[in-house]
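What follows is a set of notes on a single structure, which appears directly below.
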Amino acid sequence: MAAVGERQITYDARGLAEPFAEAPRNAVIDADGVATFDAKALTTRTINLELRRLLYEEGVKEVVVLNPQARHSLGVGILTRCKITFEGSLGYFGCGIIDGPEIHVKGRVGWSACENMMSGVVVVDSNAGSLTGAAMRGGDLLVKGRVGARTGVDQKGGTIIVCGDAGSMNAFMMQRGHQIILGNVGPGLGDSMYDGTIYVGGTVKSLGIDCIPGEWTDADTEFVERKFSIYGLGSPPKLQKFVCGKMLYNYDSLEPAERKLVI
Amino acid sequence: MCGIAGIIYRDGSQHPIGDEMTRMLQSMKHRGPDSTGYALYGTPANGDLVMRFKLADANTPRDYEYAGRLRRHRSEVENRLVALGARLHEVEEETPYAFRVSFDFDGELKLLADLVENIPDAEVLSLGSSLEIVKDLGDAESVHDQYGLADFTGTHGIGHVRMATESEVDIAGAHPYWAYPYSDVAVVHNGQLTNYFYWKRRLERAGRRFMSECDSEIIAVYLAEEMSKGATLEEAMHSSLDELDGVFTYIAVTKDELGVAKDELAAKPLVLYESPELVAIASEEIAIRQLFDREIETYDPYEREVLVWQR
């Protein structure tokens, strides 16, 4: 257990943590080319530096991080194809702005996990906090537990799959992409969404403004079955489909003065 | 931003909660470096009452009169307690301006608190048979060292690290808040209340006093008002969801209960760990992880949830 004040972190004038930190080089690379390192005694910055050193300098394709201990901002900004396994939980902002990696979190993630994810796959074994997959643009995010509020807020692409329940204001201002939520959903689902599709397996407490039930097509069946088979989730349960009603779209409506002329 | 944390041992066993809460709060220092506060429930010797009070704020200017004024006010507090019929056991000077007094008293506690607070600059931080509120400027470790919390054992406690947004950086604006005049109730809050003045005027008319300009004080006093009308902590917390506007996640504690409430937007974070032995809650999981050296299962409660645990 870390004693009080054990980790001393320095900040520069801009507020950046540990400006002169260097990668600790404590990873062990085995015969299969899998690098493993223990994050227990490291700070957030040195964990990320070690991760980047392995992926970018050593050219390692698979990294296992032991004891992430729910630290914030781990595994962010990884822009290369690789496999990362976190043997534990992540804090806030985990795996943000990633483009390419396949990440497996064997625990929980805090708020704003996979924010602005561009591509790749993230699998979370336990629960996730609020704002999961916020502004996500591509890739797949699978949460096997439950998620907090505002999952996929401002989602612009990709697929979010949640095996448990979801909180309020899910898919708020969603613009594109898919969400599959197998559990129950809180109030305000799909509020002010522009486009995209939400599939819900459980009950919906209430729909947000301009979110309406959609018509199920063969393409939906194909999509859901494909995602379920990729992640080994068995056969999909009966799902409801929700889409944008497009009643909030005002691009084509007339100005009040013009409307008078038409009438 | 603020960070809040709470821990309760369900079997009522004694634990070093002063140290545990310090570890939790120190790990959330980035959420609020301005001030740190604790509300801890210990077991004072032979059923004493404990009052914590301050006679000046941490950043009160040290003028020529400062030390003499504190000395006079301190003896005035003692005199008034004795005159009211309290039998003082011990008066500890934790800092030059903050004191802890243990005593026996059978009369009305509100009267006692009012008499103490009638002394210029005096504020009763907490009053009760097990509640002790400690708060000061700085991070958790400095407050922990300053007030000697290393040997504080108890059954449950809450804590707060503050990033001041609505009121000044001083002890009066620091959390936790004691639910004056309801002994042994305290609250920590993360968020902003938007109908602060409405409730402040209403509660002042009902005879409650406010010692700060901080919006969070409303919650403590509101709960006290509801509980004095006969509501349980859980009922009072449920009605607060409709009565208080704004964004909030707050933790309220009584002698045997610890409860948490989230607003209807679930705008402020909270992570919950529950086991048969204990319940630990915090704004960030990293704080709960200070208590465990292994992987744990945690989750975020949803909007409008009120959860209460007994010890």
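Please treat every number below as a calculation from the coordinates, not as lab data. Treat the numbers as computed from the prediction; the structure is a model and nothing was measured. With ideal geometry, Cβ positions are generated from the backbone for all residues, glycine too; neighbour counts draw on all protein chains shown.
Would you mind classifying chain A by shape? Square roots of the alpha carbon gyration tensor eigenvalues, ordered a ≥ b ≥ c; an a/c under 1.5 is rounded, otherwise it is prolate if a/b is larger than b/c and oblate if not.
Values: a/c = 2.36, a/b = 1.80, b/c = 1.31.
Prolate is the answer for chain A, as a/c is 1.5 or above and a/b outweighs b/c.
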Fill in the blank from the handout: Candidates A:ILE160, A:ILE98, A:ILE209; GNM for chain A (alpha-carbon contacts under 10 Å) flags as most fluctuating A:ILE209
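Would you work out the charge dipole size for the stretch B:44-129 about its Cα centre, treating the Cβ of every Lys and Arg as +1 and the Cβ of every Asp and Glu as -1, and quote it to the nearest 20 debye? It would help to have the intermediate numbers written out before the result.
Values: 11 positive and 17 negative charges, 31 e Å.
So the dipole magnitude of the stretch B:44-129 works out to roughly 140 debye.
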Completion exercise
Restricting to Cα pairs under 8 Å and 6 or more apart, the percent relative contact order of chain B works out to 26
Problem - Antiparallel DSSP beta bridges within the protein assembly as shown, as percent of all bridges there, nearest 5 - result: 65
Problem - Qualifying aspartates and glutamates (Cα of each under 14 Å from Cα of A:LYS61; at least 8 residues distant if same chain) - result: A:ASP30, A:ASP32, A:GLU50, A:GLU102
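Order of B:TRP178, B:TRP199, A:TRP216 from fewest to most other C-beta atoms within 10 Å? Don't skip to the end; give the middle numbers.
Numbers: B:TRP178 27, B:TRP199 21, A:TRP216 14.
Exposure proxy ranking, most exposed first: A:TRP216, B:TRP199, B:TRP178.
Could you tell me what percent of the DSSP beta bridges with both partners in chain A are antiparallel, to the nearest 5?
Details: 9 of 49 bridges.
Roughly 20 percent of the beta bridges in chain A run antiparallel, per DSSP.
If you place +1 on the Cβ of every Lys and Arg, -1 on the Cβ of every Asp and Glu, and leave all else neutral, what size is the dipole of chain B about its Cα centre, to the nearest 20 Debye?
Values: 31 positive and 56 negative charges, 126 e Å.
The dipole magnitude comes to about 600 debye.
Please compute, for peptide A:190-202, the average count of beta-carbon atoms on other protein chains lying within 10 Å of each residue's beta-carbon. The partial results should precede the final answer.
Details: counts 0, 0, 0, 0, 0, 0, 0, 0, 0, 0, 0, 0, 0.
Mean partner-chain Cβ count within 10 Å for A:190-202: 0.
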Handout entry: Angle between chain A longest axis and helix A:218-230 axis [Cα atoms, degrees, rounded to 10]
Key = 10
Exercise for the section: Evaluate the relative contact order of the stretch B:44-129 (contact order divided by residue number), counting alpha-carbon pairs under 8 angstrom at least 6 apart; express in whole percent. Expected result: 48
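Arranged from highest to lowest average of other beta-carbon atoms within 10 Å per residue, in what order do the peptides A:102-111, A:15-24 appear? Show your work: numbers first, answer last.
Details: A:102-111: 24.5, A:15-24: 12.8.
Put in order of decreasing packing, that is A:102-111, A:15-24.
For chain A, what is the relative contact order in percent, using Cα pairs closer than 8 Å and at least 6 residues apart in sequence?
That works out to 8 percent.
Of the cross-linked pairs B:LYS29/B:LYS135; A:LYS106/A:LYS156; A:LYS106/A:LYS144; B:LYS110/B:LYS255, which ones have a Cα-Cα span greater than 19 Å in the structure shown?
Working: B:LYS29/B:LYS135 15 Å; A:LYS106/A:LYS156 26 Å; A:LYS106/A:LYS144 10 Å; B:LYS110/B:LYS255 17 Å.
Exceeds cut-off: A:LYS106/A:LYS156.
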